[in-house]
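*Asks:* I have a structure here, written as structure tokens, and I will follow up with some questions on it.
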Amino acid sequence: MPVKSDHWIIEMARDYEMIKPFEPSQIRQGVSYGTSSYGYDFRISDEFKILDTDRITELDPVRMTPEHYRDVKADSILIQPNSFVLARTVEYFKIPRDILTICFGKSTYARMGLIVNVTPFEPEWEGYATVSLTNSSPVPARVHANQGIAQLLFLEASEECITSYADKSGKYQAQKEITVSKSE
């Protein structure tokens with residue numbers, strides 16, 4: 001699977017609305033975002049979910065509900081040491097059937113001990129991505145909304161997949177908000 005260049009990303013975003021809103025160049029204000037050489041640096045919105053540790057004693061992916069989190073809307077958020085928050089992307093993605101993405105956290109945040117976790121965007125998945133931000137440092141870490149948080153690399157398959165995310169009616173298809181773990 002070859003990695004796709006910035007020319008291809010710009011063309012796909014324009015012709016297929018693969019990324020909306022789309023920034024065809026790299027914006028270097030704060031933590032950069034937009035099209036890069038072989039990927040796209042996406043942003044997080046100003047919506048966050050913080051785990052409510054007063055209401056939960058353990059994390060279980062088959063028993064998580066939105067009530068386990070507090071919703072926060074802010075220009076920035078302070079993530080406490082050894083904890084995490086959920087966020088969502090500013091961009092809405094529509095991944096073509098012959099594309100798979102891989103996501104890596106931006107080096108600016110990695111140098112602070114912030115771990116950005118996003119699963120691959122499967123062929124024909126669409127939606128706002130839910131992003132987990134984990135502070136592995138011993139001090140609080142600040143994250144700013146509408147700033148770059150991670151980079152997507154787009155891998156093109158030599159042929160289309162047999163079963164896409166849309167074909168299997170994936171449980172996170174077309175999500176419009178931060179989505180916690182779903183058991184079904």
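The values are calculated or read from the model by the stated rules, or taken from the named source; none is laboratory data. None of the values given here were measured: they were computed from a predicted structure. Glycine also receives a Cβ, built like all others from the backbone with ideal geometry; neighbour counts cover every protein chain displayed.
*Asks:* Anything in the range 155-184 that is of a type in the set (A, V, I, L, M, F, W, C) and within 21 Å of the chain's Cα centre (by Cα)? List them, or say none.
*Replies:* Step one: filter the range 155-184 for residues of a type in the set (A, V, I, L, M, F, W, C), giving 155, 157, 161-162, 166, 174, 178, 180.
Result: 155, 166, 174, 178, 180.
*Asks:* How about the range 143-177: which of its residues are free of Cβ contacts under 8 Å to residues at least 24 places away in the same chain and among the polar types (S, T, N, Q)? First the steps, then the outcome.
*Replies:* Just the residues of the range 143-177 that are free of Cβ contacts under 8 Å to residues at least 24 places away in the same chain, to begin with: 162-163, 168-169, 171.
Within the range 143-177, 163, 169 qualify.
*Asks:* Restrict the check to the range 47-64 and report whether at least one residue is touching a Ser or Thr at 6+ places or on another chain (Cβ under 9 Å), among the basic types (Lys, Arg) and exposed (fewer than 14 other Cβ atoms within 10 Å of the Cβ).
*Replies:* First pass over the range 47-64, keeping only residues touching a Ser or Thr at 6+ places or on another chain (Cβ under 9 Å): 49-51, 53, 59-64.
If we keep only those that are among the basic types (Lys, Arg) too, we end up with 49, 63.
This time we only want the ones that are exposed (fewer than 14 other Cβ atoms within 10 Å of the Cβ), so: 63.
Yes: the range 47-64 contains one or more residues that are touching a Ser or Thr at 6+ places or on another chain (Cβ under 9 Å), among the basic types (Lys, Arg) and exposed (fewer than 14 other Cβ atoms within 10 Å of the Cβ).
*Asks:* OK, next. Taking the conditions exactly as written (part of a strand (DSSP E or B), at pLDDT 95 or above and crowded, with 21+ Cβ neighbours inside 10 Å), does residue 92 satisfy them or not?
*Replies:* Values: part of a strand (DSSP E or B): yes; at pLDDT 95 or above: yes; crowded, with 21+ Cβ neighbours inside 10 Å: no.
No; evaluated as a whole, the condition is false for this residue.
*Asks:* Now for a different question. Restricted to the range 1-36, and to residues that are under 16 Å from the mean Cα position of the chain (by Cα) and assigned to a strand (DSSP E or B), which residue is surrounded by the fewest Cβ atoms within 10 Å (Cβ to Cβ)?
*Replies:* Looking at residues that are under 16 Å from the mean Cα position of the chain (by Cα) and assigned to a strand (DSSP E or B), I get 20.
*Asks:* Can residue 56 be described as closer than 21 Å to residue 180 by Cβ and in contact with a helix residue (DSSP H, G or I) (Cβ under 6 Å, 6 or more places away or on another chain)?
*Replies:* Details: closer than 21 Å to residue 180 by Cβ: yes; in contact with a helix residue (DSSP H, G or I) (Cβ under 6 Å, 6 or more places away or on another chain): yes.
Spelling it out, residue 56 is indeed closer than 21 Å to residue 180 by Cβ and in contact with a helix residue (DSSP H, G or I) (Cβ under 6 Å, 6 or more places away or on another chain).
*Asks:* Here are the criteria: (1) part of a loop (DSSP other than H, G, I, E, B); (2) over 22 Å from residue 44 (Cβ atoms); (3) not charged (D, E, K, R). Tell me which single one residue 155 does not satisfy.
*Replies:* The single condition residue 155 does not satisfy is (1).
*Asks:* Determine if the range 108-118 includes at least one residue that is surrounded by 15 or more Cβ atoms within 10 Å (Cβ to Cβ), touching an Asp or Glu at 6+ places or on another chain (Cβ under 7 Å) and touching a residue at least 24 places away in the same chain (Cβ under 8 Å).
*Replies:* Among the residues of the range 108-118, not one is surrounded by 15 or more Cβ atoms within 10 Å (Cβ to Cβ), touching an Asp or Glu at 6+ places or on another chain (Cβ under 7 Å) and touching a residue at least 24 places away in the same chain (Cβ under 8 Å), which makes the answer no.
*Asks:* Across the range 110-144, what is the total count of residues that are modelled with pLDDT of 95 or more, of a type in the set (Ser, Thr, Tyr) and not in a strand (DSSP E or B)?
*Replies:* 2
*Asks:* Are there strands (runs of 3 or more DSSP E) fully within the range 37-81 with at least 1 residues that are farther than 30 Å from residue 8 by Cβ, in contact (Cβ under 8 Å) with a residue 12 or more places away in the chain and charged (D, E, K, R)? List them.
*Replies:* Details: elements: 39-51, 69-73, 76-79.
Answer list for the range 37-81: 39-51, 69-73.
*Asks:* Could you tell me whether residue 56 is on the phi < 0 side of the Ramachandran plot and in contact with a strand residue (DSSP E or B) (Cβ under 7 Å, 6 or more places away or on another chain)? Don't jump to the end; show me each part of the working.
*Replies:* Numbers: on the phi < 0 side of the Ramachandran plot: yes; in contact with a strand residue (DSSP E or B) (Cβ under 7 Å, 6 or more places away or on another chain): no.
In short, no.
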